[in-house]
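Down below is the structure, laid out as structure tokens.
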Amino acid sequence: MAKKKEIGYMNKYVYDAFLWTFSILVELFFREVHPRSSWKVPKEGPVIFVCAPHANQFVDPLILMRVVKRESDRRIHVLTAEKSMKRKFIGTMAAASGAVPVGRAMDSTKPVPGRIYLPDPVNDPCLVRGVGTNFEAKDFQVGGSLVLPKVNETAASAEIQEIKGPEEIRLKRPFKGGVAMQQLTGRNDMTEDGTFINGASSKKGPAPDYEGTNFKVAPKLDQTQVYDAVHTVLHRGGTIAIFPEGGSHDRTDLLPLKAGVAIMALGTVATKPDCNLKIIPVGMNYFHAHKFRSRAVIEFGTPIDVPVELAQKFQSQGSERRQAIGDMLEQVREGLVSVTVTTPDYDTLMLIQAVRRLYNPKGTKLPLPRVVELNRRLVQGYAKYQNDPRIIELKKEVMSYNQQLLALRVRDHQVQYAKKGILEIFVIFWYRLLKLAILSIFVLPGTCLFGLVFIACKVYSIKKAREALAASNVKVQARDVMATWKLLVALAVAPTVYTGYVFLVTLWYYLNYCNGYLPPGIQKRWLILTQAIVYPSATYAALRFGEVAMDILKSLFPLVKMMSPWSGNQLVKLQARRENLAHRITDIINTLGPEMFDDFYSKRIIQDPFTHSPPRTPTTKTAEDARKEGPQPIETYDFPASPTSPEREAYRHLPKNESFQDLTNQDIFSTRPPTPKRNHSRSPSGMLGGFQLKPFSTIDGNLEEVSKRIKSGMRSRMRRRSSTDGWEEGSGASTPGTPRSEVSEGLTMTKKEK
């Protein structure tokens with residue numbers, strides 16, 4: 001009898017071949033996939049990649065596998081829904097790449113006869129009574145769940161704790177939310193969170209004549225084999241990827257995380273405390289995830305260690321075990337929040353993106369990771385200050401501006417055309433029109449060839465989205481499955497269509513030499529081979545030139561509007577409104593930003609376009625007084641870059657973290673220095689060797705002398721660098737006990753003599 005293959009078995013050659021093949025599809029579908037902070041992925045040792053939001057069903061794990069293999073040369077076992085593994089093609093490919101199948105209760109949910117209600121929702125909300133039910137049937141079991149019908153694309157559920165009879169069940173915890181309570185009681189005297197109001201607590205039972213609601217039941221699943229397979233992979237030093245939301249969705253916020261990832265991590269460390277397991281949060285940030293030629297940023301967060309103390313608590317039973325799982329899950333959630341952009345609803349997301357565009361009034365092209373980071377900070381700021389009257393008023397203005405853009409059918413970045421003269425716009429329009437005509441020569445043949453594939457992908461993905469929406473409790477429009485089915489359909493249909501083209505053209509040639517367009521005597525193999533090369537090449541050319549042509553086509557309409565005497569003035573007014581909004585947004589960010597972010601100035605992403613000088617610290621001495629006093633002699637003090645022993649000599653070198661040798665920590669995106677919250681020279685930490693450090697200078701009186709010393713120091717530093725051992729002159733941060741003969745790096749400070 002053949003030996004049964006272990007769960008999650010991976011053949012690295014099959015894995016690499018599978019990944020290489022599907023990477024081609026990823027590169028064709030997405031315009032850009034940008035990894036960020038991939039250096040945080042360890043090159044060895046067990047790792048759990050925790051990924052969210054799960055916005056692209058089967059594409060998410062494919063992109064993650066591709067990025068991790070390319071950046072750190074590691075292969076990943078992806079936890080995949082058992083329902084997906086049962087699909088012929090997908091299941092075969094997933095099994096070949098080492099996927100670990102996981103059963104989900106939602107996939108086994110099914111309707112049952114009867115209705116349920118709460119007989120005493122105020123005093124005993126965990127007691128559920130049925131009408132025409134048989135809770136003692138095999139479909140119901142302790143640990144299973146009762147699932148209510150969907151309302152607003154969300155279905156409430158609760159776990160069964162005890163089956164008391166054919167028509168009575170006790171829940172482990174009550175149903176949450178006012179919608180669920182309304183479904184189970186027929187009453188509406190409660191708040192959104194399910195709290196009864198207006199004396200409702202004195203009323204017992206459901207509404208009069210209420211017969212209950214339909215429901216579904218989900219079984220309890222035994223995941224022991226899954227956990228064992230995960231522990232085996234991690235104990236071998238392998239990697240696991242999990243999407244802790246439990247399934248893909250197209251919401252703008254994260255779904256509640258499932259406890260499985262915490263159980264896997266704690267169980268791994270509990271059975272092998274010295275395994276050095278790392279949990280890495282991964283943000284799957286997409287821009288229009290379901291659309292062809294969209295973009296994505298895959299951001300890796302700071303690795304999370306699994307404390308041995310939590311693992312020991314996890315091995316116990318009862319409240320300590322639950323607390324350990326909860327604490328671990330909270331750390332994972334915080335890690336995911338730090339690498340994702342989440343908003344409570346779609347309107348808020350549109351608001352944040354509009355503010356981000358307006359906050360960049362000069363139209364600077366930001367790298368994709370910086371766009372994600374800026375969106376994240378704006379979301380955090382909005383969440384904190386959304387009830388501020390200034391924010392409320394600004395929100396109304398931005399939403400109104402967005403509506404005006406939609407009414408004029410103009411994009412935000414196209415409003416800048418209003419600054420141009422009519423002659424310049426006329427020239428730009430005809431230049432772009434000519435360019436579009438030339439590009440069309442390269443685009444049209446491939447578009448015609450690939451047209452059938454485009455239509456098939458569009459129609460089938462919409463069909464699958466409707467099916468997924470009907471079967472899901474959390475999806476909004478089921479856009480999360482569209483990219484997957486577009487890729488799968490293209491993978492199946494494109495070769496079939498191109499083979500058909502080859503057959504038809506070959507047949508046409510043998511009938512009449514393609515109506516005389518081709519000469520006779522061409523061998524069949526060369527005719528077929530030529531077509532096999534030309535058709536994909538023409539399609540790829542259409543892809544590459546087509547996206548440029550589409551951008552040009554979208555830019556023509558605003559140019560036509562600007563040349564029109566009736567609508568051109570509207571864009572001019574819109575441009576003025578945009579500038580006003582940009583000023584207001586920049587001002588309010590400059591006001592509230594430092595209150596929320598301590599590193600607001602030092603880590604600033606976009607330069608302030610309306611401020612050209614840094615803030616000055618008020619001084620007690622005027623410029624006239626300084627001129628009367630004349631230049632003051634300057635006394636210098638040297639102190640090392642880090643604490644040293646009293647016997648250590650100080651040298652006048654810049655500290656290593658200020659040098660050009662290490663640019664990774666430089667604040668290259670800041671526009672102004674952060675204003676100190678207190679004078680550090682007056683604090684105890686500012687004392688060194690009995691001297692109290694003072695500011696560099698007062699104001700104009702000794703600026704010339706300071707400037708001379710700075711320039712002299714820079715020239716000296718450049719001379720040291722030009723020497724053969726210039727880069728090795730500084731040894732970095734000094735430590736106590738370093739020999740006096742060793743060269744250290746220090747910082748020269750200045751002090752004005754009294």
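The lone criterion from (1) at pLDDT below 85; (2) within 32 Å of the chain's Cα centre (by Cα); (3) surrounded by 15 or more Cβ atoms within 10 Å (Cβ to Cβ) left unmet by Asp598 is number (3). Criterion first (assigned to a helix (DSSP H, G or I), among the aromatic types (Phe, Trp, Tyr) and surrounded by fewer than 14 Cβ atoms within 10 Å (Cβ to Cβ)) does Phe442 satisfy it? In short, no. Ser72 passes every criterion in (1) under 30 Å from Pro46 (Cα atoms); (2) crowded, with 16+ Cβ neighbours inside 10 Å; (3) in contact (Cβ under 8 Å) with a residue 40 or more places away in the chain apart from (3).
Applying the set (1) modelled with pLDDT of 65 or more; (2) farther than 23 Å from Leu366 by Cα to Ala626 leaves exactly one unmet item: (1). Every listed requirement among (1) assigned by TED's automatic domain parsing to the domain that holds Leu254; (2) closer than 29 Å to Gln225 by Cβ; (3) surrounded by fewer than 21 Cβ atoms within 10 Å (Cβ to Cβ); (4) touching a residue at least 40 places away in the same chain (Cβ under 8 Å) is met by Gly91 save one, (4). Is it fair to say Glu32 is assigned to a strand (DSSP E or B) and out of contact with any Pro (no Cβ under 9 Å at 6 or more places or on another chain)? Yes, satisfied. Among the residues of the range 493-517, those that are of a type in the set (Gly, Ala, Ser) and either surrounded by 12 or more Cβ atoms within 10 Å (Cβ to Cβ) or not in a loop (DSSP other than H, G, I, E, B) (or both) comprise Ala494, Gly500. Cβ-Cβ contacts under 9 Å between residues 6 or more apart (or on different chains), taken from a first residue in the range 258-284 that is in contact (Cβ under 8 Å) with a residue 40 or more places away in the chain to a second residue that is assigned to a loop (DSSP other than H, G, I, E, B) and basic (Lys, Arg), are absent. Within the range 534-589, the set of residues being of a type in the set (Phe, Trp, Tyr) and under 30 Å from Leu351 (Cβ atoms) comprises just one member, Phe557. When Asp253 is tested against (1) in a loop (DSSP other than H, G, I, E, B); (2) modelled with pLDDT of 90 or more; (3) under 29 Å from the mean Cα position of the chain (by Cα), just one condition goes unmet, and that condition is (2). Checking the range 46-59 against the condition returns no match, with no residue being surrounded by fewer than 18 Cβ atoms within 10 Å (Cβ to Cβ) and either under 30 Å from Arg544 (Cβ atoms) or within 20 Å of the chain's Cα centre (by Cα) (or both).
Restricting Gly451, Gly421 to those that are out of contact with any Pro (no Cβ under 9 Å at 6 or more places or on another chain) and either over 23 Å from Tyr501 (Cβ atoms) or surrounded by 14 or more Cβ atoms within 10 Å (Cβ to Cβ) (or both) reduces the list to Gly421.
Residue by residue, here is whether (1) under 30 Å from Lys384 (Cα atoms); (2) surrounded by 16 or more Cβ atoms within 10 Å (Cβ to Cβ); (3) of a type in the set (Ser, Thr, Tyr) holds:
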| residue | (1), (2), (3) |
| --- | --- |
| Pro519 | no, no, no |
| Ala538 | no, yes, no |
| Leu571 | no, yes, no |
| Arg584 | yes, yes, no |
| Asp587 | yes, no, no |
| Pro594 | yes, no, no |
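Looking only at the range 284-299, decide whether some residue is of a type in the set (D, E, K, R) and in contact with a Ser or Thr (Cβ under 7 Å, 6 or more places away or on another chain). Yes: one or more hits. Of all residues being of a type in the set (A, V, I, L, M, F, W, C) and in contact with a helix residue (DSSP H, G or I) (Cβ under 8 Å, 6 or more places away or on another chain) in the range 148-162, which is nearest to Tyr117 (Cα to Cα)? Just the residue, please. Filtering the range 148-162 for residues that are of a type in the set (A, V, I, L, M, F, W, C) and in contact with a helix residue (DSSP H, G or I) (Cβ under 8 Å, 6 or more places away or on another chain), the one nearest to Tyr117 (Cα to Cα) comes out as Leu148.
Within the range 349-381, if we keep just the residues that are assigned to a helix (DSSP H, G or I) and in contact with a Ser or Thr (Cβ under 7 Å, 6 or more places away or on another chain), the residue that is nearest to Ser37 (Cα to Cα) turns out to be Val379. Taking the conditions exactly as written (buried (at least 16 other Cβ atoms within 10 Å of the Cβ) and either modelled with pLDDT of 85 or more or in a loop (DSSP other than H, G, I, E, B) (or both)), does Gln225 satisfy them or not? So Gln225 fails the test. Tell me, which residue of the range 470-492 that is of a type outside the set (S, T, N, Q), in contact (Cβ under 8 Å) with a residue 12 or more places away in the chain and surrounded by fewer than 18 Cβ atoms within 10 Å (Cβ to Cβ) is farthest from Val59 (Cα to Cα)? Result: Val476.
Within the range 4-24, being modelled with pLDDT under 90, charged (D, E, K, R) and part of a helix (DSSP H, G or I) holds for one residue alone: Lys12.
Taken over the range 90-105, the criterion of being more than 18 Å from Val261 (Cβ to Cβ) and either in contact with a Ser or Thr (Cβ under 6 Å, 6 or more places away or on another chain) or of a type in the set (Phe, Trp, Tyr) (or both) is satisfied by Ile90, Ala94. If the requirement is being of a type outside the set (Ser, Thr, Tyr), touching a residue at least 40 places away in the same chain (Cβ under 8 Å), surrounded by 17 or more Cβ atoms within 10 Å (Cβ to Cβ) and not in a helix (DSSP H, G or I), which of these qualifies: Val410, Val415? Selected residue: Val410, the only one of Val410, Val415 that is of a type outside the set (Ser, Thr, Tyr), touching a residue at least 40 places away in the same chain (Cβ under 8 Å), surrounded by 17 or more Cβ atoms within 10 Å (Cβ to Cβ) and not in a helix (DSSP H, G or I).
Scanning the range 325-348 for residues that are over 30 Å from Glu393 (Cβ atoms) and part of a helix (DSSP H, G or I) returns Ile325, Gly326, Asp327, Met328, Leu329, Glu330, Gln331, Val332, Arg333, Glu334, Gly335, Leu336. Considering Leu310, Leu358, Leu329, which residue is surrounded by 14 or more Cβ atoms within 10 Å (Cβ to Cβ) and not assigned by TED's automatic domain parsing to the domain that holds Ile242? Result of the check over Leu310, Leu358, Leu329: Leu358. For residues in the range 124-141 being under 39 Å from the mean Cα position of the chain (by Cα) and at pLDDT below 90, which is nearest to Ile163 (Cα to Cα)? Across the range 124-141, the extreme among qualifying residues is Gln141.
The values are calculated or read from the model by the stated rules, or taken from the named source; none is laboratory data. Keep in mind the model is a prediction, meaning the values are calculated, not measured. Positions of Cβ are generated from backbone atoms using ideal geometry, with glycine treated the same way; all protein chains shown enter the neighbour counts.
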